[in-house]
Structure formats: C-alpha cells, structure tokens
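**Q** Dropping the structure in here first, questions after.
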Amino acid sequence: RFPPDSDDEIAAMAGSKRRVSDEKDVDKEAMKHVERLAKQLRSEKAPEKSLAELQEVQGSSVHGLTCREVVERPSDEILERVAEMVFKMVQNIMNGNGFSYEVPSRARNNQMYVPELDRNVLKDNVSARAFANVSTSRKVAITTKVLQLVQNLCLGGINVTKRDLFYTDVKLFKTQTESDAVLEDISCMLGCTRSSLHVVASEKGVVVGNLRFREDGDEIDCSKMGVGGKAIPPNMDRVADLRSEAKFILLVEKDAAFMRLAEDRFYNKYPCVIITGKGSPDVATRLFLKRMKQTLKIPVLGLVDSDPYGLKILSVYMSGSKNMSYDSASLTTPDIKWLGVRPSDLDRYNIPEQCRLDMEPTDIKTGQQLLQEDFIKANPEWIKELELMLKTKTKAEIQSLSSFGFQYLTQVYLPRKLREGDWI
C-alpha cells in the first residue's frame, strides 16, 4: 500500500528496509551488467598513460603542437629546480636584462584536447612576467614570495593548505585567489603537481562503502563511517593499501544524494564505493577517484543532475578542468559512464512536471558550449542526451526522484538502472 497511513508505519517500513540492506543480501541480478563492464575494463589495452609516451610515438609534438604536462616530483628535485630558476634569474639581472619570470600561459587559447589521452593538456606558450613592468611588478613580488614559501615547505617536509599559504602575507596577496593562481603558475614553471609543492586543499569530498585503506598508518574502513562518510584525505601520499570487494564506484554530484545512499546502506546490497565532491570537485577528490579506479580496476558510474552543470562536473572528473589542464594526467579519470539522471530519464521514469525546471538562458548557453567540446563530440550518445535537454529546455535535479518517495533513488531508480545496464 502506498502511501503508508501513519508515521509509525513509515518508520516500520524504513527500519525493515534498512535491516534487509544491512544483511548484505547482494542483488546478483543487478550486478551482472556491472561485472561484465568490469571484465571489459580489465581486458582492454590501457591507453597512453602520459603526454611523454604519446610524444615518443608521434615525435616531439602532438598533432603538430608542443605541449606540456606536470608530473609528481620529489622534494629534492623541486629544490634543485627552484635553485636553477633563481640562478637563471640572477644571471639575467647581472646581464642587464632585468628581473623577470617566464610563466607558462594557462589561458583557454593555450589549451587543447588530446583524443588519444582523452583529456585537456597545456600548449607550450609562455609569457614574461617582468618586475620593471608596472602591470606585472606586484605579480612578480607574489611569485617570489610563494616560491620562497614552497622552498621552505620542501626543506621542512611539511604540508599546508592553500589557506595557510595565503595567511603568511595577507597584505601582499590581498585575496586568496591571487596566491592560489600564482601557486598554479609555479607548478607549471617547475613542471610538478601541486601536491609536490606540499600545498594541499582543505578537505571537501567524502567516501563511504566497500573500501578499506591505510591513512598515515591507521586502518580506515569506509563501511563504518556512518551517514557522513569518511573525509577524503587532502594528501594522497599518506593513503596506501586500498582494498575492496566492490563491483563499481558510484560517483555522486551532490551531498544530499550521497547521504541518502549512505543512510540506506546502498553499498551492501549493491557492492560499491560511493564518493562525492559535493558539487564542483576539489583536487583531493579527483586524485582519490583516479587512485581507486587504477588500483581496484572497477568501472565508475556517474550520478549527476540532469542539467548542463551536472554534465560539466562529470567532464571535469573525466577530461580535466580548463584551470588545471597542465595537471590533467594525475587528476582525470577517463571513461566514466553516465548513469543518470539523464534527460531521457525524465519521461522514461515519469518525473512529474512540478519537479522539472525550465532552463535559464545561462543554462542553455552552457549546454550549447558543451556541444562544442571535443570530449562531448567523441560520444554520440552524450550528444543525443544534451540535444534533447536543449530541445525541451528542461532540467531536473537528482532530488526530483523523491517525488515518488524518499527511498525511490536507492530502491527503484538505481537498482533498475543497474539491472538494465542503462549507462552511456
């Protein structure tokens, strides 16, 4: 009978369903398609891992252009590169050429999508940042200060957050946006990832489900972390020995959907690891997702809102962000399957009209821009879904499924999706 007649009956139903889920009675029928996908993933030849490997095949350039990509580097190598940079800078001053830095451009027109790598990379254009130039003199001072801080961190072997870095000299930096941007510049200049500089982002993403690992020597069991889940460590160097019996990774856009999945213990009946970056993903969440897929060798299924921004968030996980295209090798997880909520689901699952939203002009513009992205063009099924969204000018959030009941997501929608292998 639906809906139930009383609050007591609702509570009884919820308790009964949760006990069933806790007993770990795995839905083997729903796992068949996922296991087939995992087997296919393991059997496929691994794509080119790095830009350097691709350049070896194609020559020094990629599609006729010289590109750059950063890699993880040890502290002693970072210190050597800092010393070389400072020595070169001093030589330029003594030769009468002035005080300046050569900074790789991270502008949109200096980026390109490489199909063989399925991610964005940075082209090799650089610009001079001169102290004698009024428009860039302050930026040179900030660059020098951040470079000094990075050297001290590498010498001390300690990690700090970007916020800590900002507060070392708030009068110089003025806003954290400025110190953050220069930090990204220095990563490019030194050819290393941001984590190699011992600067990490604050904790944001969370993970729950069938996953165990060691963090700084401590054993972590993500199935015993409650509804809130385990905060994803900002420093991947301290994460080791990832183990799991999960069949897939469920990547969720929003915290609200994550909490519903965690509270219903979805990962017991459908063995999985559930992870969210709580909206636009941070670096730690992207690093952790990539590490999980590489280590566990299981597929990643994405659950995002049916709107252009949901798809954009999925694209950041897959192909990288424009802002950090120089570090796409360590931050991207290719071949994430779009499980839902897709535009075609709105009619297929009879989402009520009152739960659908009209797209704003900015939504339509973002959707049209996505259609021009190379990684979208490479997937005809994604194009079809995006075109349907733009044609109907309708969007919907994951929470729209709650119109059928708060547990519809975990007990009907996702189980049906898994049983039918309905992902693209």
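The values are calculated or read from the model by the stated rules, or taken from the named source; none is laboratory data. Everything numeric here is computed off the predicted structure, so don't read it as measured data. As a convention, Cβ positions derive from the backbone with ideal geometry for all residues, glycine included, and neighbour counts pool all protein chains shown. The protein model used for the area step is the full one, side chains on, heavy atoms only, and it has no ligands, DNA or RNA in it. Shrake-Rupley method; radii C 1.70, N 1.55, O 1.52, S 1.80 Å.
**Q** How high is the relative contact order of the range 269-424, in percent, with contacts defined as C-alpha pairs under 8 Å that are six or more residues apart?
**A** 26 percent
**Q** Further, regarding this structure: Using +1 at the Cβ of each Lys and Arg and -1 at the Cβ of each Asp and Glu in the range 169-249, identify which of PHE248, SER195, PHE213 lies farthest towards the dipole's positive end.
**A** PHE248
**Q** Assign unit charges at the C-beta atoms only (+1 for Lys and Arg, -1 for Asp and Glu), then state the dipole size of the chain relative to its Cα centre in Debye, rounded to the nearest 20. Spell out each step's value before the answer.
**A** Values: 62 positive and 62 negative charges, 54 e Å.
Here the chain has a charge dipole of around 260 debye.
**Q** By how many degrees, 0 to 90 and rounded to 10, does the Cα axis of helix 361-371 deviate from the longest principal axis of the chain?
**A** 80 degrees
**Q** Further question on the same structure: Kindly sort PHE99, PHE213 by accessible area of their heavy atoms, largest first, with the probe set to 1.4 Å.
**A** Greatest to least solvent exposure: PHE99, PHE213.
**Q** Between [x] -0.46, -0.89, -1.24; [y] -0.59, -0.97, -1.13; [z] -0.51, -0.91, -1.20, which entry matches log10 I(q)/I(0) by the Debye sum over Cα atoms at q = 0.08, 0.11, 0.13 Å⁻¹ as derived from the coordinates of this structure?
**A** Answer label, from the structure shown: [z].
**Q** Mind ranking 76-85, 111-120 by how tightly packed they are, going by the mean number of other C-beta atoms within 10 angstrom, highest first?
**A** 111-120, 76-85
**Q** For the range 236-301, what is the relative contact order in percent, using Cα pairs closer than 8 Å and at least 6 residues apart in sequence?
**A** Relative contact order comes out at 46 percent.
**Q** All other residues with a Cβ under 10 Å from the Cβ of ARG73 taken together, and with Lys, Arg as +1 and Asp, Glu as -1, what is their net charge?
**A** -3
**Q** Let me cross-check THR392: its accessible surface, 1.4 Å probe, with only protein heavy atoms counted, in Å² to the nearest 10?
**A** Solvent-accessible area, nearest 10 Å²: 70 Å².
**Q** A further question on this structure: Once you keep just the Cα pairs under 8 angstrom separated by 6 or more residues, what percentage relative contact order results for the chain?
**A** In percent, rounded to a whole number, it is 18.
**Q** Please give every one of the aspartates and glutamates within straight-line cross-link reach of LYS384, meaning a C-alpha to C-alpha distance under 18 Å, and leave out same-chain neighbours fewer than 8 residues apart.
**A** Excluding near neighbours in sequence, the set is ASP305, ASP307, ASP335, ASP345, ASP347, ASP363, GLU373, ASP374, ASP422.
**Q** Solvent-accessible area of GLU245, probe 1.4 Å, all protein chains present, reported in Å² to the nearest ten, please.
**A** Looks like 110 Å² after rounding.
**Q** Please report Rg over Rh for the range 242-296, where both radii come from the alpha carbon positions and Rh follows the Kirkwood definition.
**A** Result for the range 242-296 is an Rg/Rh of 0.96.
**Q** Pick from GLY157, GLY340, GLY191: which is most flexible by mean-square fluctuation in a GNM of the chain where alpha carbon atoms under 10 Å apart are linked?
**A** Largest GNM mean-square fluctuation: GLY157.
**Q** With no solvent and one equal point scatterer per Cα, compute the Debye intensity ratio I(q)/I(0) for the range 218-325 at 0.13, 0.23 Å⁻¹ and report its log10, rounded to two decimals.
**A** Normalising to I(0) and taking log10 leaves -0.46, -1.53.
**Q** Simple spin-label model, 7 Å along Cα-to-Cβ: ALA83 to SER127 in nm?
**A** Calculated label separation equals 3.2 nm.
**Q** Now for a separate question. Normalized C-alpha radius of gyration of the range 299-424, against 2.2 N^0.38 Å?
**A** 1.06
**Q** Still on this model: Between beta-carbons, use under 9 Å as the cut-off and find the net charge around LEU311, counting Lys and Arg +1, Asp and Glu -1. All intermediate terms of the calculation are to be shown ahead of the outcome.
**A** Numbers: positive: LYS312; negative: ASP305, ASP307, GLU385.
After counting each charged neighbour, the total is -2.
**Q** Let me ask another. How much of the calculated P(r) for the range 115-228 lies past 19 Å, in percent of all Cα pairs?
**A** Working: 3852 of 6441 pairs.
When every Cα pair of the range 115-228 is considered, 60 percent fall beyond 19 Å.
**Q** Where only protein heavy atoms count, and the probe is 1.4 Å, what is the accessible area per residue for the chain in Å²?
**A** Ligands and nucleic acids excluded, the figure is 47 Å² per residue.
**Q** Next up: If I compute solvent accessible area with a 1.4 Å probe over the protein chains, what percent of it on the chain is carbon and sulfur?
**A** Carbon with sulfur: 51 percent of the solvent-accessible area.
**Q** Sequence-distant or interchain residues sharing an amide H contact under 5 Å with LEU211, placed H: which?
**A** CYS222, SER223
**Q** Let me ask another. Between beta-carbons, use under 13 Å as the cut-off and find the net charge around GLY157, counting Lys and Arg +1, Asp and Glu -1.
**A** Within the 13 Å Cβ shell, the charges total -1.
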